[in-house]
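The values are calculated or read from the model by the stated rules, or taken from the named source; none is laboratory data. Nothing here was measured: the structure is a model prediction, and the numbers come from that model. Here the Cβ positions follow ideal geometry from the backbone for every residue, glycine too, while neighbour counts run over all protein chains shown. Each accessible area value is taken on the protein alone, full model and side chains, heavy atoms only, with ligands, DNA and RNA left out. Shrake-Rupley method; radii C 1.70, N 1.55, O 1.52, S 1.80 Å.
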Amino acid sequence: MHDIRMVRDAADALRDGMRRRGKAEAYGPLVERAVALEAERRAAIQATEEKKAARNIASQEVAKRKKAGESADDLLANARALGDEIGALEQRQAAAQTELDEILMGLPNVTLPDVPEGDETANAVVRSWGTPRAAESVAPHWDVGEKLGLIDLARGAKISGSGFVVYRGAGARLQRALINFMLDLHTSKHGYEEAWVPLFVNRESMTGTGQLPKFEEDMYALRDDALFAIPTAEVPVTNLFRDELLDGARFPLAMTAYSSCFRREAGAAGKDTRGLLRVHQFDKVELVRWVAPEESAAQHELLTGHAEAILQALELPYRVLLLAAGDTGFASAKTYDLEVFAPGIGRWLEVSSCSNFTDFQARRANIRFRGAPAEKPRFVHTLNGSALALPRVVAAILEHHQRPDGTVAVPAALQPYFGAASIG
C-alpha cells in the first residue's frame, strides 16, 4: 500500500511507476482519481476546522449573552446550522478517505530505479552458475519419474483432479530430504529461525501481503470460515508481526518455514501443465526478512544468495534474472528470479523469486519498528524468497543428474538426508 503522501506530494512518481510497469492505461485513471480524492479530503478537513472554529466562537458569544440575560436565539440557530454543515463535511471526508484507501490498496508497488523498464522481454540475466547439460539422450522428468516409480500423476488426478501430484517411494523420500536439507542449511548456516505456520489464514493476513483484494479469484478459500489456503508461507510468516512495533536493535529478523502451498491458477491457461511444471499444490521452503529501510537493498542481495546456495549445493546450473518492471509482482519493488536448466525439456525453469517489497507490505500489515528509544516509529521493509520451491527442483534433479542407464545421481549434499547415492 502506498503512503498517502505519495498521492499528495509525489503523484508524478506514482504515475511514472505505473507507466514503467506498462500499466498506465489500467492504473492511470485510478492515480488521477486518487489525486482528486486527496484534494477533496484535505479541502473537507480544512473546511471542517474553519466551521468548528466559527461554532466555538458562536458558543462563546452565546455564553456571554446568556450571562448578560440577553437573547441568543440567532446565535443558537447559527450554531445548529454550523453543526449540520460540519456533519456533512465529515461525511464527505470519510467517503473520500474510504474510496482513496480502496484505490491505494489496488495500485501496485513502484519499482526501484535500477529495475529495467518494460515487459518480460526486458528481463536481464545478471549472473549464472554452472554449465547447463546438453539435452541429447536426456528424458523429461515425467518419463523418468514414472519409470522409477517416483511420481504418480494419473492417481493424483484421480483422487484430486488435474494439477495434483502423488509422490511415491523414493520420490516421497526425495521430497522429505530436500525439505530437511534446505531448512537445516538456512537455520545452521544462514541464521534463520525456523517457523511452522498454519496453512490457512484470515482475510487480514492475505491483505497484508498483497494477495487480497486483487488476486482473490486465484485463491482456494473456506468461505464459511473466512479462511484462505496459503499460496506461500510468506503470508503467515510475514503476518506474524502484523500490527506490531518491532525493536530495530534486533534487525535483521529472519525466519524460514516449510509449507504446502495452494494456487488455483496453476495451468489455467493450458500452459506448462505436463509433469511437475505447474501444479495446484506444491511444497516450498520460504525465507522472510524484516529490515530497516537503509539496509533493504543489501539484505535483498543477501537473501538471494541464500537461495542460490541451495542450487549450488544441489549442483544445478542456474541463472539469476532481474525482472523488468512489467514482469515484477504486484507488491514487489524489485525481484530476482532464479531459474534452473532442465535439459530433458530444454528449458529454464523458475524455482525461486526473491523480492524486496520496501514498505509496501508493512503499510498494509502495519508492521513498524523503532530504531532507538527516542526515534519515531517507521515502517519496516519486508523481503522474501523461495529457497526453494520443490516441484521444479525435483524436475531439474531428475533431468540434470540423469544417467545413461536411466538412474539418477543424488547430489552429495543431499545424500545424508536421502540415504543413498542414487535413485533407481
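Ranking Ala24, Thr328, Thr238 by how far each Cα lies toward the positive end of the dipole of the chain (charges on Cβ) leaves Thr238 at the top.
Could you work out what % of the accessible surface of the chain is carbon and sulfur, using a 1.4 angstrom probe and leaving DNA, RNA and ligands out of the count? Using a 1.4 Å probe with all protein chains present, the chain comes out at 50 percent carbon and sulfur. Helix 296-313 axis versus longest C-alpha principal axis of the chain: approximately 20°, rounded to the nearest ten. Applying 1/(1 + (r/R0)^6) with R0 = 56 Å to the Cβ-Cβ distance of Ala409 and Glu244 gives a FRET efficiency near 0.75. Working from Cα positions, state the angle (0 to 90°, nearest 10) between the long axis of helix 73-106 and the longest principal axis of the chain. So the helix axis and the longest Cα principal axis differ by about 10 degrees. For the range 293-346, a Kirkwood radius taken over Cα pairs fed into Stokes-Einstein (37 °C, viscosity 0.692 mPa s) yields D = 259 µm²/s.
The relative contact order of the chain, computed from alpha carbon pairs under 8 Å that lie at least 6 residues apart in sequence, is 19 percent. Accessible area per residue for the range 80-175 is 56 Å², calculated with a 1.4 Å probe on protein heavy atoms, without ligands, DNA or RNA.
Return the ratio Rg/(2.2 N^0.38 Å) for the range 147-243, where Rg is computed over Cα atoms only. Normalised Rg, Cα atoms only: 1.34.
Each 10 Å bin from zero holds the following percent of Cα-Cα pairs in the range 200-286: 16, 42, 30, 10, 2. Each part reduced to its alpha carbon centroid, the range 370-414 and the range 80-154 end up 19 Å apart. Considering only the Cα atoms of the range 319-424, their convex hull presents on average a projected area of 10.2 nm².
For the range 20-99, evaluate the Debye formula with one uniform point scatterer on each Cα (no solvent term) and list log10 I(q)/I(0) at q = 0.12, 0.13, 0.15 Å⁻¹, rounded to two decimals. Listed by q, the Debye log ratios stand at -0.51, -0.55, -0.64. By the compact-protein rule of thumb, 2.2 N^0.38 Å, the alpha-carbon radius of gyration of the range 49-177 corresponds to a ratio of 2.59. The angle between the Cα long axis of helix 170-188 and the longest principal axis of the Cα atoms of the chain comes to about 50 degrees, rounded to the nearest 10.
Each of the peptides 278-286, 33-41 was scored by the mean count of other Cβ atoms within 10 Å over its residues; in descending order, highest first, they stand as 278-286, 33-41.
Distance from the Cα centroid of the range 1-78 to that of the range 304-328 is 48 Å (rounded to whole angstrom). Amide H contacts under 5 Å for Ile151: Glu146, Arg168, restricted to partners 5 or more places along the chain or on a different chain, H placed in the peptide plane at 1.01 Å from N.
Against the empirical curve 2.2 N^0.38 Å, the C-alpha radius of gyration of the chain lands at a ratio of 1.25. For the chain, a simple Cβ point-charge model (Lys and Arg +1, Asp and Glu -1, everything else neutral) yields a dipole of about 420 debye relative to the Cα centre. Listed peptides 334-342, 109-117, 76-84 appear in the order 334-342, 109-117, 76-84 once ranked by packing, highest mean of other Cβ atoms within 10 Å at the front.
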